[in-house]
Every structure is written in C-alpha cells, then in structure tokens.
Amino acid sequence: MNERYHPFINRQAKTLDGIRLEVGANIVGVEDAEQAFGQGAESVGLFRTEMIYMQREQAPDENEQVCTYSKLLRLAENRSVIIRTMDVGADKPVDYFELEDEDNPFLGYRAIRLYPEFLDLFRIQIRAILIAACEQPASVMIPMVSCLDEVLWVRDVIHNVQKEMTQNNEAFGTIRLGIMLEVPSACLIIDQLADYVDFFSIGSNDLAQYFLAADRDNEKVSNLYSYLHPSFLRLLKMVMNETRRYQVWTGLCGEMATDPEALPLLVGLGLDEISLPGTIIPAIKEKLSHLASSDCRKLLDQAVVCNSVQSVQSLLKTFRSDFT
Ligand code: PEP
Ligand code: MG
C-alpha cells in the first residue's frame, strides 16, 4: 500500500469540510471482513451471502449460517453489518437450485424472485440471521426488489418466523430490514417503499445495467454501460432527493464506489455510506479528505447536464486538477 494512505486506516472517513461518509466493506465471508476491518472498514455494507451457497452440493444449514453470521457480528463489534440475503441466479449460478436455462437470465428468475419457491431456504437464512443478531443488531438486505409487494411479502415471512420463534421460546435479536435499489422500477416508488424499510443501498452495477439496457458483462456494449452516463447520474440524484425527503438512510455498494474519480459525485449525492472492497478503503478515505462537499454538489449539478459520458469524464479530470 502507498505510504500516503497508511494514516487513513484508523481515521474516520470524512470530507475536508467535515461531512461524514461512512466507508464500509463488501465481503464474501468472515476472513474477508477481518481483512477489511484491518484496512479501516467502518462497517460491512454488503455481505454477498450467495457466496456461501456456491460451489457446494447443498445449501449451508442453519447451524453453519448462525456460526458464520455470529462470528462476523462479534468481529464487527459495534460496526454495523449489512447481510444481503442470497442473490442466486443470473451471473451467480448454484447447481442444486436446479434452475432452468433462460433466454434472459438477468431479466429472469433470480434473487428475491426465487424466495417463494425456495421458501425453506429463505426462512433458514432469516432464522440464522435472527439468532446471530443476539450478538448485536444486524441489518438484512434484500436483492433485486422491483415492487412494493415483494417487500410486504418479505416482511410477512420475517414476522411469521419471529412469531414462531417466540412461541418456541427461541432467542433472537433485533434486525433492520433494507433493500437494494438496483432495479429502476424500485427507484421510482421510494415514497411507497420508505414506509416499510429501514434503509436502502444502491447497487450501481445492476442499476446501471437495467437502466441503460446494457449487460454489465458484455464487452460489446461496454461503451454504453457506464455509471458516469449523465442520465444515470440524474437517476441517482433523483433517488437521493427522494430518500432524503423520506429520511431513509441510503448507501451505495456497486463498482461505482470503488472509483476514486467518481468519488466527488458520490459526495455530491449526499450518500450516508459507500461500500467497497477492503483493500482500497484507505485510498478512498484519503481522497475523501481532500474533497469539499459544496464543490462536489456543484460538480454533480454540472455533471447531470453534460451530454455524454466523455464530457462527464473531462469534467471530473478538470475537477481533479482544480481541487486535489
Ligand atoms: C450491484 O448490483 O451493484 C451489487 C452490489 O450487487 P452484485 O454486484 O452482487 O449484483
Ligand atoms: Mg446486484
């Protein structure tokens, strides 16, 4: 690691003018979290739990999951931990789900859309998180939500699980419920969703893919897939205006959070948190410490009226030489 970043490991993430932007970690397991905390992660913003379902013969049982989530919550001490429930399907295949091949897997049967069919597995995961939350409160995040009914359904499942656990005298802890904003339709009903969730996290990878109609993994359309597209920045700005209006905590956990060039735009958006791989956390905290939030807000206003990705990129370049 560059020497320059070292002092930032143990420093609180904030801008030059003292605005807090929590810098959390994206993790795939406990080891990953340990490393990320060693790099100064202030929270876990995204635990991609599908990784514990992949590359094995059957789903992890309740005990195994309780063990993983408890270890993680203990390790996190007082840092907040967002556990995303399994995001299986599309680019994350799991053989024992025996999902049929689809013509458009990214638009098909994945993530929350599988939960009604695989209700037992979803309930096991919720039970495991509730039990582990006896250590300290945990946050549960649902992937690929596209409408209010899905949120109401999830809340119902969680309430039923809690009711059963109470009847059986099983101890469980407090959880907060959040959803990923990664399907454009969800971004346009924040007023309706806000009453039923405790937090949002923008998944810029899928949100950009669905919003720009460009496959995130297809090189042939990579020129169209960019989180710097002015219309995508307008969408993010609109989302933040709405989540601010309804006072719901909002983070961002896709690739965009890993890009130091995009950081001034994220500050301009007024996010509560960004979540990224542990290894780059000190560099992002360092960059953040040079940014003034009022400059970043002006920059965002300029970026949303640009007419191409290239013009946003040149704007960011000029900003870099002006302000850092
Ligand atoms: C995203 O879509 O931005 C995201 C963080 O989720 P994943 O990359 O795991 O689909
Ligand atoms: Mg996603």
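Nothing in this text is a laboratory measurement; each read-out follows from the coordinates by a stated rule. Not measured: the values here are computed from a predicted model. Cβ: placed from backbone, ideal geometry, glycine included. Neighbour counts: every protein chain shown.
Highest mobility in the GNM of the chain, judged by mean-square fluctuation with C-alpha springs under 10 Å and restricted to Leu72, Leu99, Leu114, is found for Leu99. Over the chain, with a Gaussian network built from C-alpha contacts below 10 Å, which listed residue (Glu255, Glu42, Glu100) shows the highest mean-square fluctuation? Maximum fluctuation in the GNM of the chain, among the listed residues, is at Glu100.
Pairwise inverse Cα distances across the chain, averaged and inverted, put the Kirkwood hydrodynamic radius at 20.3 Å. Spatially close Lys pairs in the chain, defined by Cα atoms under 15 Å apart and a spacing of eight or more places or different chains, total 5. FRET efficiency for the Glu261 to Asp301 pair, using the beta carbon distance and R₀ = 30 Å, is estimated at 0.95.
When only the Cβ of Lys, Arg, Asp and Glu is charged (+1, +1, -1, -1), the dipole of the chain relative to its Cα centre reaches about 1420 debye.
Axis angle, to the nearest 10 degrees, between helix 293-303 and the longest C-alpha principal axis of the chain: 90 degrees. What is the angle, in °, between the Cα long axis of helix 230-245 and the longest principal axis of the Cα atoms in the chain? Nearest 10 is fine, range 0 to 90. The helix 230-245 is inclined about 60 degrees to the chain. In percent, what relative contact order does the chain have, based on Cα pairs under 8 Å that are 6 or more apart in sequence? Result for the chain is 21 percent. Working from label points 7 Å from Cα in the Cα-to-Cβ sense, the Val28 to His6 distance is 3.0 nm.
Within the listed set Ser231, Ser70, Ser308, the Gaussian network model of the chain (springs between alpha-carbon atoms below 10 Å) gives the highest mean-square fluctuation for Ser308.
Note on Leu148 and Phe118: with the Förster distance fixed at 30 Å, the Cβ-Cβ geometry gives a FRET efficiency of about 0.90. Which angle from 0 to 90°, rounded to the nearest 10, does the C-alpha axis of helix 148-167 make with the longest principal axis of the chain? Taking Cα atoms only, the helix is inclined about 40 degrees.
Straightening the chain between Arg245 and Ile19 buys 79.5 nm, computed as 0.36 nm per residue apart minus the Cα-Cα spacing. Cβ-Cβ distance of Arg56 and Val157, R₀ of 22 Å, FRET efficiency by 1/(1 + (r/R0)^6): the value works out to about 0.35.
Modelled this way, with points 7 Å down the Cα-to-C-beta line, the labels at Asp217 and Ile189 are 2.8 nm from one another.
For the stretch 157-263, the calculated P(r) over all alpha carbon pairs, in 10 Å bins from 0 to the bin holding the longest distance, is 14, 38, 25, 15, 7, 1 percent.
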